[in-house]
Amino acid sequence: MARIPDTIVLRRDRDLGPRQNDIWVRRGLFGLVCVVPLLALFNVFGQRPDTSTGTAAAAQLSVSAPSHVRGGLLYQARFTITARKKLAQAELVLARGWIDDLTINTLEPSPTSETSQDGQLALDLGPIDAGQTYVLFVDYQVNPTNVGRHDQAVTLYDGNRALVTLHRTLTVFP
């Protein structure tokens, strides 16, 4: 049998005596790594849309969009307006949280006009007849440097009169 080199201690190097619990530390760390995709499957980090609905005598406003997203994610927000009475000049005003650190890829159908109202995006949708439904699709991409919570309030106006306001919060994970 070969002689054991002087620098090797069998108890430490072959039998791993002092490191008996190291396997449980490695298994625990591996388990933590596996938890992240599992949490993503249960929508902890977002992407699935949440729907918020507000109703007034003249119209109903519904917003379907994720409330939790990750940097780089592409997603769609859907704004559905159902007019109960004729809206002569429907306008949708989106809070800064709908545009700050987010890239708008497209708005379909295109609004009649787009303006800024105290830093908020105002979309002029034109008239909507009673009983009609107007659906606006907005495709977004989350900028990778965007992290935190953003107010995503949206207000439906008929001319200068506010009809419905929905308050939402967007949480952006790194």
Query raised in the report: Hey, what number do you get for the chain at 222 nm if only DSSP H runs of n ≥ 4 count, each worth -39500 (n - 2.57), divided across all residues, to the nearest 500?
Result: -4500 deg cm²/dmol
Query raised in the report: Among (1) 0.96; (2) 1.38; (3) 0.98, which is the computed Rg/Rh (Cα atoms, Kirkwood Rh)?
Result: (2)
Report task. Report His167's accessible area, 1.4 Å probe, all protein chains in place, as a number in Å² to the nearest 10. Result -> 150
**Report entry** Per-pair calculated FRET efficiency, R0 = 25 Å: Asp100 and Thr133 via Cβ, rounded to 0.05
**Finding:** 0.30
Query - Full-extension gain in nm, Ile8 to Ser67, via 0.36 nm per residue minus C-alpha separation - result: 15.5 nm
Query raised in the report: If ligands, DNA and RNA are left out, what is the accessible area of Phe137 with a 1.4 Å probe, given in Å² to the nearest 10?
Result: 70
Query raised in the report: So what's the gap between the Cα centers of segment 75-100 and segment 1-53, to the nearest angstrom?
Result: 48
Query raised in the report: On the accessible surface of the chain, probed at 1.4 Å, how many percent belong to carbon and sulfur atoms?
Result: 54
Query raised in the report: Between Asn160 and Glu114, what FRET efficiency comes out of the Förster formula 1/(1 + (r/R0)^6) with R0 = 25 Å and r the beta carbon distance, rounded to 0.05?
Result: 0.90
Query - Tilt relative to the chain, helix 22-41 - C-alpha long axis, 0 to 90 degrees, to 10 - result: 20
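The values are calculated or read from the model by the stated rules, or taken from the named source; none is laboratory data. Bear in mind the structure is a predicted one, so any value in this text is a computation, not a measurement. When we count neighbours, we look across all protein chains shown, and the Cβ atoms used for this are built from the backbone with ideal geometry, even at glycine. For accessibility, only protein heavy atoms count, side chains too; no ligands or nucleic acids. Shrake-Rupley method; radii C 1.70, N 1.55, O 1.52, S 1.80 Å.
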